[in-house]
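No value in this document is a laboratory result; all are computed from the given coordinates. Every value quoted in this text rests on a predicted model; they were computed, and no experiment measured them. FYI the Cβ positions are ideal-geometry reconstructions off the backbone, even for glycines, and counts take in every protein chain you see.
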Amino acid sequence: MSVELPALPYLPGSLLPHLSATTVELHHGRHHRAYVDAVNAAIAGTEWEEATLDDIVRQTQGALFDAAAQAWNHGFYWQCLRPRGGGEPQGRLGELVKRQFGDAQRLREEFNRAALGLFGSGWAWLVQHPGGQLGIQVTRNGGTPLTGDSTPLLCCDLWEHAYYTDYQNERARYLDGFWQLANWEFAESQLR
Ligand code: FE
């Protein structure tokens, strides 16, 4: 068994004008694929060959963890975006956001503050803690909430390859675009 590159859940050009087809194609077809390929190269002929990607992320360290976590994070990231996304979280997630942050705008501000505060590459996450309450996390490099106690609901890739072609080094403008694409329905589906 090997780890597979998940297909994009939409066409690469369908996230315009917030992310270009070129960015999405290269990000998925080169960067994400390279992490998947690196995992498969590393697990071939080892005890991890039959393991799921989740288990590899949870149970390994070093170069295999880095590649596996990046492969997992990217698979999650693509689901966090959708054409004509954005708007406000509804339903149970909307209620939790109201309780935790006051409103979605405050959530976005707190998320952006954390994302802009991360020096270098990594990820910003909306998570649900074991007690049920929501929180914001940032992880460095390939770090992922999967190795902790909290459940990831939504993430934003903060590596420059995610946005440099479209926004150069302007992470704040990329974050504005991200919120126009946010897939709140997916985030709600991840609640415990
Ligand atoms: Fe990326």
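State which residue is nearest to GLU109 (Cα to Cα) when the search covers only segment 130-178 and only residues that are in contact with a Pro (Cβ under 8 Å, 6 or more places away or on another chain) and within 13 Å of the ligand (Cβ to nearest atom).
Among residues in segment 130-178 that are in contact with a Pro (Cβ under 8 Å, 6 or more places away or on another chain) and within 13 Å of the ligand (Cβ to nearest atom), the one nearest to GLU109 (Cα to Cα) is THR139.
Does segment 15-36 contain at least one residue that is within 15 Å of the ligand (Cβ to nearest atom), over 21 Å from TYR163 (Cβ atoms) and not β-branched (Val, Ile, Thr)?
No.
How many residues, within segment 52-65, are in contact (Cβ under 8 Å) with a residue 24 or more places away in the chain and either of a type in the set (Lys, Arg) or part of a loop (DSSP other than H, G, I, E, B) (or both)?
Within segment 52-65, residues that are in contact (Cβ under 8 Å) with a residue 24 or more places away in the chain and either of a type in the set (Lys, Arg) or part of a loop (DSSP other than H, G, I, E, B) (or both) number 1.
Give me a count of the residues in segment 1-37 that are within 17 Å of GLN79 (Cβ to Cβ) and either of a type in the set (Phe, Trp, Tyr) or in a loop (DSSP other than H, G, I, E, B) (or both).
Number of matching residues: 12.
Counting only residues that are within 22 Å of SER189 (Cβ to Cβ) and of a type in the set (Lys, Arg), give me the helices (runs of 4 or more DSSP H) lying completely in segment 84-177 with at least 3 of them.
Working: elements: 91-101, 104-117, 164-167.
Result: 91-101.
Scanning for something surrounded by 19 or more Cβ atoms within 10 Å (Cβ to Cβ) and within 13 Å of the ligand (Cβ to nearest atom), does segment 111-118 turn up at least one residue?
Looking through segment 111-118, none of the residues is surrounded by 19 or more Cβ atoms within 10 Å (Cβ to Cβ) and within 13 Å of the ligand (Cβ to nearest atom).
Tell me yes or no: at least one residue of segment 8-25 is under 25 Å from GLY148 (Cβ atoms) and not basic (Lys, Arg). Give the steps one after another, and end with the answer.
Applying the first criterion (under 25 Å from GLY148 (Cβ atoms)) to segment 8-25 yields none.
No, every residue in segment 8-25 fails to be under 25 Å from GLY148 (Cβ atoms) and not basic (Lys, Arg).
How many residues does segment 18-50 contain that are free of Cβ contacts under 8 Å to residues at least 60 places away in the same chain and either within 18 Å of LEU181 (Cα to Cα) or of a type in the set (S, T, N, Q) (or both)?
Matching residues across segment 18-50 total 6.
Identify the residue in segment 37-51 that is among the β-branched types (Val, Ile, Thr) and away from the ligand (no atom under 16 Å from the Cβ) and, among all such residues, is farthest from CYS156 (Cα to Cα). Before you say what the answer is, go through the steps one by one.
Taking segment 37-51 and keeping what is among the β-branched types (Val, Ile, Thr), we get 39, 43, 46.
Now narrow it down to the ones that are away from the ligand (no atom under 16 Å from the Cβ): 43, 46.
Details: ILE43: 27, THR46: 32 Å.
Per the criteria, the residue is THR46.
Report, by residue number, each residue of segment 80-123 that is among the basic types (Lys, Arg) and in contact (Cβ under 8 Å) with a residue 60 or more places away in the chain. Before you say what the answer is, go through the steps one by one.
Start the filter on segment 80-123 by keeping residues that are among the basic types (Lys, Arg), which leaves 82, 84, 92, 98-99, 106, 108, 113.
If the condition is that a residue be among the basic types (Lys, Arg) and in contact (Cβ under 8 Å) with a residue 60 or more places away in the chain, then ARG82, ARG92, ARG108 are the ones that fit.
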